Amino acid sequence: MELWFTEKQTPSLGITCKIKSTLIVEQTPYQHLAIIDTEQFGKMLVLDGMVQTTDVDEFVYHEMITMVGLNTHPNPRRVLIIGGGDGGTLREVVKHPAVEKATMVEIDRRVVETSIEFLPKISSALHGNPRAEVLIDDGIEYVKNNKNQFDLIIIDSTEPVGPAAGLFSAEFYRNIFESLKEDGLFVAQTESPFFNADLIRQVFADISSIYPITKLYLASVPTYPSGLWSFTMGSKKYDPENIGQETCPVSDTRYYTPAVHQAAFKLPKFVQELLIPKK
């Protein structure tokens with residue numbers, strides 16, 4: 001008997017993968033968690049029925065949510081990650097030679113524990129790395145209680161439902177501003193421009209009202225809804241499009257390069273139009 005997993009990416013569209021085996025299924029205090037092994041994408045982390053990461057394409061998302069910000073800031077010594085319990089974002093951050101300490105704050109302990117057990121390539125920095133600190137805590141409250149601490153903050157959240165809903169609010173972006181140092185910046189994943197246009201429009205407007213520099217950029221992540229994914233940066237000082245074409249200090253990236261960094265900000269017209277304030 002063949003087994004298939006389908007994520008309903010919208011009420012009218014799903015992505016379906018043939019399952020080799022189911023590694024774990026459980027209800028955590030915060031969400032439904034599953035890790036499955038698929039024929040097409042390898043092992044896959046699924047939260048509340050939504051694909052979070054896979055063995056095959058995780059490198060795109062994790063490199064693009066980290067390296068763009070890390071290479072925009074000239075000296076990103078202190079980095080905070082909100083969410084990111086699978087560890088892929090933390091893994092990329094601690095590769096950067098300027099980073100002295102990276103703190104990851106994840107609300108759901110079981111995401112961390114099961115990622116360590118079943119996703120070792122992705123979660124490699126979650127234990128045993130001297131520059132990495134992993135905290136099981138509420139990221140929203142952590143940001144409120146830590147002011148003027150970080151050069152870079154990365155919001156590696158799930159979709160804006162359940163425990164992640166507050167990570168897409170203007171209040172949270174203001175608290176992030178206060179947690180950053182005077183020249184700090186932050187990056188958040190901001191969903192698909194095809195399926196989440198209203199969210200992107202609102203988030204960009206909220207961040208633009210708080211940060212002197214706000215930029216949106218894109219990457220291609222096959223297992224995410226529509227395959228085209230957006231990230232939004234709010235920066236107090238540094239413009240991500242003004243970096244030079246010097247070699248990236250991390251040599252083992254598979255998607256990110258300085259040229260891709262520049263190209264990611266060249267937006268299709270329909271995405272540009274999402275960023276124009278409504279009159």
- Query: Using r as the Cβ-Cβ distance of ASP137 and GLN202, and R0 as 30 Å, what FRET efficiency do you calculate, to the nearest 0.05?
  - Reply: 0.65
- Tilt, helix 58-72 to longest principal axis of the chain (alpha-carbon atoms), in degrees rounded to tens, equals 10 degrees
- Task: Excluding residues on the same chain fewer than 8 positions from LYS18, give the aspartates and glutamates whose Cα lies under 14 Å from its Cα.
- Result: GLU2, GLU7, ASP37, GLU39
- Cα gyration tensor category, rounded, prolate or oblate, for the stretch 58-274 with a/c compared to 1.5: rounded
- Which entries in the list LYS95/LYS181; LYS121/LYS236; LYS8/LYS266; LYS43/LYS95; LYS8/LYS215; LYS95/LYS147 go over 32 Å, if you measure between the two C-alpha atoms of each? LYS121/LYS236
- Message: For the chain, what does the helix formula give at 222 nm: sum of -39500 (n - 2.57) over DSSP H segments with n ≥ 4, over the residue count, nearest 500 deg cm²/dmol?
- Response: -7000 deg cm²/dmol
- Message: With +1 assigned to the C-beta of every Lys and Arg and -1 to the C-beta of every Asp and Glu, and no other charges, what is the dipole magnitude of the stretch 3-54 about the Cα centre in debye, to the nearest 20?
- Response: 120 debye
- Of the options GLY84, THR223, LEU180, report the single residue whose Cα projects farthest towards the positive end of the charge dipole of the chain (beta-carbon charges: Lys, Arg +1; Asp, Glu -1). LEU180
- Task: Please give the helix 197-208 orientation as an angle from the longest Cα principal axis of the chain, in degrees from 0 to 90, rounded to the nearest 10.
- Result: 30 degrees
- Computed FRET value (nearest 0.05) for ASP48 with LYS237, which takes r as the C-beta separation and R₀ as 51 Å: 0.85
- Query: Exposure proxy check: ARG77, ARG91, ARG110 ranked by fewest other beta carbons within 10 Å?
  - Reply: ARG77, ARG110, ARG91
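Read-outs throughout are calculated quantities, based only on the coordinates presented, and are distinct from any laboratory measurement. On a predicted model such as this, the values are computed, not experimentally measured, just so you know. FYI the Cβ positions are ideal-geometry reconstructions off the backbone, even for glycines, and counts take in every protein chain you see.
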